[in-house]
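Below is one structure, written out as structure tokens, with a few remarks after it.
The values are calculated or read from the model by the stated rules, or taken from the named source; none is laboratory data. Because the structure is predicted, anything quoted here is derived from the model rather than measured. All Cβ positions, even for glycine, are placed from backbone atoms using ideal geometry, and neighbour counts span all protein chains on display.
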Amino acid sequence: MKNPLRRGLLAAAVLSAVVPAASWAETPAWPSKPIRVVVAYPGGGVSDIVARALGDKLTSQLNTPIVVENRAGAGGAIGMDTVAKAAPDGYTIAFSSISPVALNPHLGAVSFDAQKDLVPVVSIMYSPVLILGTTANHAQSFPDLLAEAKQNPGMIRWATAGLASLGHIVLEQVKHAGQVNISHIPYKGGGQQLNDALGAQFEVLSTNAGPTVMQHIQTGKFKALAVGAPTRLDSLPNVPTLAELGFPDANTTSLFGIFAPAKTPPAVLARLNQEFNKALALPDIQEKLKASDNVPTGGDAASFLKQIQQESANNARIVKAANLRAQ
């Protein structure tokens, strides 16, 4: 499967990374009006919390209002489609995981062209993927969960933030590699998924790390069974990674960043990159992310693009192996 990101995004990302600060003057009076940040997920989740915290910082840094707007659905593709079709003037940008451009196209599930319509601006953070048992779950460990799924095919219900979400890919990889039949319960984002999890309407969920989720783990409402992360989390030292459990391909994290419409002036892209990097470096932002086990990233646009391309190639292989294209 060809990588849909290689040409158009590469040129725009490299161009935005090399534009010097002096050339900002070529785009007069930017910004001169509020900037809209479209969060591709529902309110209340970790992406919404981080976007609003960064928006507050950029409001001060740019001396212009940053308006956060939630456009959830289709694994982030609805929000990204909104930005892909927006005017390329720097006044509408997206905060999203990279899944809508690195995963959804391999599933045939997007209404925009990931290669032509969007450009990466800056990486913001990566967020571990937690595999949690609700009070409806009786398994005490991830291996116990798989054993139960084999004994009762289709009876274990695993909820994700939606079709084509990273949690969905984690589930499908576990099903494929573990040769188990687990029922997928897709939501349109994390908010309702979390509410229903607290109501024990399914046995398992995959979700990103965040303050609310960690609080529910600490109070015993959720049981952490596994984590997708490079290493075990300091906050959950007894919870193994999916790689440790024998699922290296499922052991992935959600990488989030800022995207803009293609053809946004390179000077504006460079300014946005600098301002977000500046905000990410602030101690209170660093502390807010790390306190919820999310890792701040930052950097130049070209490096962010390279990460997207690597993730896209990995997802293409997983989608093909698990025969997910039809979904």
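Some points to look at:
- Scan region 218-237 for residues that are under 21 Å from the mean Cα position of the chain (by Cα), closer than 22 Å to GLY162 by Cα and either hydroxyl-bearing (Ser, Thr, Tyr) or not in a strand (DSSP E or B) (or both) and the total you get is 1.
- Residue that is nearest to the chain's Cα centre (by Cα), among those in region 186-202 that are among the hydrophobic types (A, V, I, L, M, F, W, C) and surrounded by 18 or more Cβ atoms within 10 Å (Cβ to Cβ): LEU194
- Only residues that are among the small types (Gly, Ala, Ser), at pLDDT 95 or above and within 20 Å of ALA313 (Cα to Cα) were counted in region 104-151, giving 1.
- Top-ranked residue in region 254-284 [being at pLDDT 95 or above and of a type in the set (Gly, Ala, Ser); ranked as surrounded by the most Cβ atoms within 10 Å (Cβ to Cβ)]: ALA260
- Residue satisfying condition, being in a loop (DSSP other than H, G, I, E, B) and surrounded by fewer than 20 Cβ atoms within 10 Å (Cβ to Cβ), within set GLU244, GLU287: GLU244
- If you go through region 290-306 and keep only what is closer than 22 Å to LEU62 by Cα and in a helix (DSSP H, G or I), you end up with just ALA301.
- Residue in region 259-273 that is on the phi < 0 side of the Ramachandran plot, of a type in the set (Gly, Ala, Ser) and part of a helix (DSSP H, G or I) present: yes
- Residue within region 221-228 that is of a type outside the set (Lys, Arg), under 17 Å from GLY45 (Cβ atoms) and surrounded by fewer than 22 Cβ atoms within 10 Å (Cβ to Cβ) present: no
- The combined condition, being farther than 21 Å from LEU163 by Cα, under 21 Å from the mean Cα position of the chain (by Cα), assigned by TED's automatic domain parsing to the domain that holds VAL170 and not basic (Lys, Arg), is not fulfilled by ALA262.
- Each residue in region 47-65 was checked for being within 22 Å of GLY190 (Cβ to Cβ) and either surrounded by fewer than 21 Cβ atoms within 10 Å (Cβ to Cβ) or more than 14 Å from the chain's Cα centre (by Cα) (or both), and 6 pass.
- Contact map, region 140-155: residues that are in the same structural domain as GLY246 (by TED's automatic domain parsing) paired with residues that are assigned to a helix (DSSP H, G or I), Cβ distance under 6 Å, separation 6+ or inter-chain. Pairs shown: LEU146/GLY178.
- Helices (runs of 4 or more DSSP H) fully within region 116-212 that include at least 1 residues being closer than 30 Å to SER303 by Cβ and not acidic (Asp, Glu): 166-178, 190-198.
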